[in-house]
Amino acid sequence: MDAEGFHLNISLVGNSGIVLSPERRAALETSLVILQNQQKFNRVFFWGKILGIKDDYFIAQGVGDDEMMDRKTLYSTDCVTWSLVPQATTAMKEQCSVVKGRFTGDPSYEYEHTEIKRIGEGEDAQEEENTITIKEEDRLASVISQVDEDVAIVPRGAYIKAPSGTVIRNRSFQGLEIHDAVKLSSYFHFREPVRLNQKSLLDKADLDKAIDFLDAIDEDVPKRSWSLQLERGSGLIILRSLLWEGLTFYHVPGTTKYGYMYNGSGEMNKDLPFML
Amino acid sequence: MSTTDEPEQQPPVEEAKPETPKIASPVGTPVAVATPRGSVSSAQNVNLNLNPKEAEFTNAKAFLLTASTKTNINLYDHLSKVISNILDGRPANAVDIFEDISKDCKRDKFISKVDTIQDKVDRSTEVELAEVQKPLFEKNTDEGADIEVEEDNESPLPNLPELMYNFEQADVGVSREEMVRIYLALKNLVDNHPLQSCRFWGKIIGTEKNYIIAEVEYREGEEEEEDEEEEAEAEEQTEKEDDEAGEEGEEAEEDDTPKPDWKPPPVIPREENRTGANKKTYFVTIEPGKMWTKLPPVTPQQISVARQIKKFFTGRLDSPVISYPPFPGNEANYLRAQIARISAGTHISPLGFYQFDEEEEEEEDSEGRDSFVENPDFEGIPVRELVDPSLSNWVHHVQHILPQGRCSWYNPVQQQEDEFEDEEEDEEREEPDEPEPETGPPLLTPLSEDAEIDNLPPWSAKLSSNLVPQYAISVLHSNLWPGAHAFGTEKKFENVYIGWGHKYLQDNYSPPQLPPAMEEFPSGPEITEAEDPTVEEEAALRAAQQEAQENAEEMEDVDEDEDEEDV
């Protein structure tokens, strides 16, 4: 969600139960401006909120020249002081995937995880307990990057790939038409494409290289993992991810108003196949 | 000149430009009209008198002047228009937005002035919804006089804006415009039904539509009147079903299909309206302004199955719930069961706001009391104490639902003594014939008694503001039912639920295992495979049979003799 015109954008997702108190809205409007200036970001996004037991994390992202790759994430518990989230590495994500349960709200909290390894074979097998500690800050970083990877989406045509390879906002994007906006194929994952390279040449023949450089979400597995709703008749498109419950994407058809926001517990919905 | 004013009706028109290069020549100043091919050929004719450089120039220009077969414009005109636009407008960083200007120019040219479907009224879904919602905002002028009279009576309509304002302080709620619409829709509900109390229960998000839920109580005795019609319909349906069942029964006799000897567990009757899990009635709508639909009362079976499944709501009340174990009913029943569970788990009030009715206290001491009244002497609890982590200042004011699916325990052995319950929780019992009554925490139990599951505290209590704590309110978020919230100020409190309608599970959901397959036949000698007898055994058997036969014949003779004697 773009921090510019924040109070307007947040009202678009209000019907999904995402509401911020006036105090927090005011604090964010002030602190995000300072953040943009200090960190020399081109733009700042309010990414969302991860609910903890004791405290909630508020998360913001800033982008540089390349909107996709040049992206930094920051978190705050009071909406005023922001700290940088460490870069999530693959090893870190793997380590954090064993943690379950809710976030506590204290970034220095350490989860303990005991792994039981079997050494040797047959009767000589010995069980060795290996306890690792995982910092909540690391878990936060890995969850944010996972959410971005899985469900961060943009409308088709909102971003273009410049000849230099950088991904920039498409100035001439006028918003999706309503008949396109109700199709899942008009929304793209905002990440390095994975499925695009696996497509056959025939499938890729009709693609516009400047625009269709991302994966469309209609091929997501499982099918129906997105819930698309029209609000206000057809004046507002709301897309909710059922995989990461709490992620809400909004788009007002025919305008450049679009964005997403996460408001949830920071846990992936692994029960999804049973729930459809 | 007039031809250029209507570009879309123009035949392929080209401008034969003068030979001297003229940049940014105004568009639409044709000196002579010629087709592209004509211009090329004329260029070739002129070519004879030109030097090679000039000839190249004219050829290139002729190419630029070639009209597109699709859009009927040519690049030369387009470029000159773009350049003149840039020079007129003088935008900063013109080179960066060059594509946009080019696009705009093309778009300008192709805006149709005459639209054949211009007069058609746009009936988009947006307009339709707005028309549905418009009556909400219209003041009811016919009953204007009545309203003034009624103002003296206590209206059951809550002050929703105030309550939602409090929730908004705690990052909970829906957008304000939506809230006003819900408020007006509730007003509509109150006007059309004889209600004693009414409140906004919450919103459950579905995959296609969302449910907005109102919790109401009818005035004494008036619900039955409304129910009568519904029951009449229901009876008709059951009659039909009976007929069908009868037909099926006949067929069954003809075919003589084997019948399973499995007997269903005894049906536990649902609680009467106004008691237990059916204490309140719920209305639901998918969009404020549309019809409110009354949800059917909940049965214990539905609650116990709802505890074992986890499904997304779709937003269509009549859609089937496909699950294992099979859910008895459709989504309306599932929704009602979840509402009952959420209410029982998360509806809380400050300690002392409600008290038991002292007159009834003695009568119902043994069974556990199920009714309470508002405490007129409630002093209010300071906000500081309400957010105390022990949470002993908050109490549940909705009855706990027992494992059986009822709030008050029902003894299934009363009627069917030889059958026992098939409930999960009952398996531990030693003697199934004498089920122990299930008990839960009594009404108005403090939250401090709530069980902690896997180190997860069931509630998170927070102050709405850390900057100005003296005016902050206390807010409780449920961790067991994510989306359930309560706020409390000195004397006011309210509960609301906005979420997906699922209970929090720390571990993954896994559906209950299928029971082992039933035996088709009881195992016995008839169907047990045995070794074939040897020749000797057969011979021995035959000899024995023969002997037996002879004996029998002798016996028969005796019998016959006896018979004859009898006659």
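No lab work stands behind these numbers, since they all come straight from the coordinates. Model, not experiment: these values are computed from the prediction. Note that we place each Cβ from the backbone using ideal geometry, even for glycine, and neighbour counts take in every protein chain shown.
What the table below lists for this structure:
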quantity: Residue-count net charge about residue B:285 - beta-carbon cut-off 12 Å; Lys, Arg +1, Asp, Glu -1; calculated: +4
quantity: Charge sum, other residues only, whose C-beta stays under 11 Å from residue A:78's C-beta, Lys/Arg counted +1 and Asp/Glu -1; calculated: -2
quantity: Fluctuation leader among A:209, A:93, A:117 - chain A, Gaussian network, Cα springs under 10 angstrom; calculated: A:117
quantity: Pairwise FRET efficiency - residue A:169 versus residue B:137, Cβ, R0 = 22 Å, nearest 0.05; calculated: 0.05
quantity: Compactness index (Cα Rg / 2.2 N^0.38 Å), chain A; calculated: 1.09
quantity: In Hz, Karplus ³J(HN,Hα) per residue of segment A:237-248 (6.51, -1.76, 1.60; θ = phi - 60°; x = Gly, Pro); calculated: 9, 10, 10, 10, 7, 8, 6, 10, 4, x, 7, 10
quantity: Pairwise FRET efficiency - residue A:98 versus residue B:492, Cβ, R0 = 41 Å, nearest 0.05; calculated: 0.40
quantity: Trypsin sites (Lys or Arg not before Pro) restricted to DSSP loop in segment B:444-497 with at most 15 other C-beta within 10 Å; calculated: B:491, B:492
quantity: Principal semi-axes in Å for segment B:441-567 [√(5λ), Cα gyration tensor, largest first]; calculated: 87, 22, 11
quantity: Segment B:281-313 and segment B:46-105: distance between their alpha carbon centers, rounded to Å; calculated: 66
quantity: Helix A:136-151 axis, angle to chain A major axis (alpha carbon atoms, nearest 10°); calculated: 40
quantity: From phi via Karplus (6.51, -1.76, 1.60), per-residue ³J(HN,Hα) for segment A:259-275 in Hz, x at Gly/Pro; calculated: x, 9, 8, 10, 9, x, 8, x, 10, 6, 7, 7, 8, 3, x, 7, 9
quantity: Part-to-part distance (alpha-carbon centres) for segment A:102-157 and segment B:443-502, which is given in Å; calculated: 29
quantity: Summed side-chain charge close to residue A:11 - residues other than residue A:11 whose Cβ falls under 13 Å, Lys, Arg +1, Asp, Glu -1; calculated: 0
quantity: In degrees, nearest ten, helix A:22-39 long axis to first principal axis of chain A (Cα); calculated: 90
quantity: Per principal axis, descending, Cα span of segment A:7-101 in whole Å; calculated: 38, 34, 24
quantity: Pairwise label distance in nanometres, residue B:159 with residue B:267, each label 7 Å out on the Cα-Cβ vector; calculated: 4.7
quantity: Using distinct alpha-carbon pairs, which all enter the 1/r mean, Kirkwood radius of segment A:22-162 in Å; calculated: 17.3
quantity: Segment A:127-173 - Rg over Rh from alpha carbon coordinates, Kirkwood radius; calculated: 1.32
quantity: Volume per residue of the C-alpha convex hull in segment B:496-541, rounded to whole Å³; calculated: 144
quantity: Within chain A, helix-based [θ] at 222 nm, where runs of 4 or more DSSP H residues each add -39,500 (n - 2.57), nearest 500; calculated: -6000 deg cm²/dmol
quantity: Using a Förster distance of 30 Å, the FRET efficiency for residue B:378-residue B:286 (Cβ separation, nearest 0.05); calculated: 0.20
quantity: Amide H partners (placed H, <5 Å) of residue B:206, local residues excluded; calculated: B:211
quantity: Longest site-free stretch - chain A; sites: GluC sites (Glu not before Pro), DSSP loop, at most 14 other Cβ within 10 Å; calculated: A:5-120
quantity: Candidate lysines for bridging to residue B:61, where Cα separation is under 27 Å - those fewer than 8 sequence places away on the same chain excluded; calculated: B:17, B:22, B:53, B:70, B:81, B:103, B:106, B:109
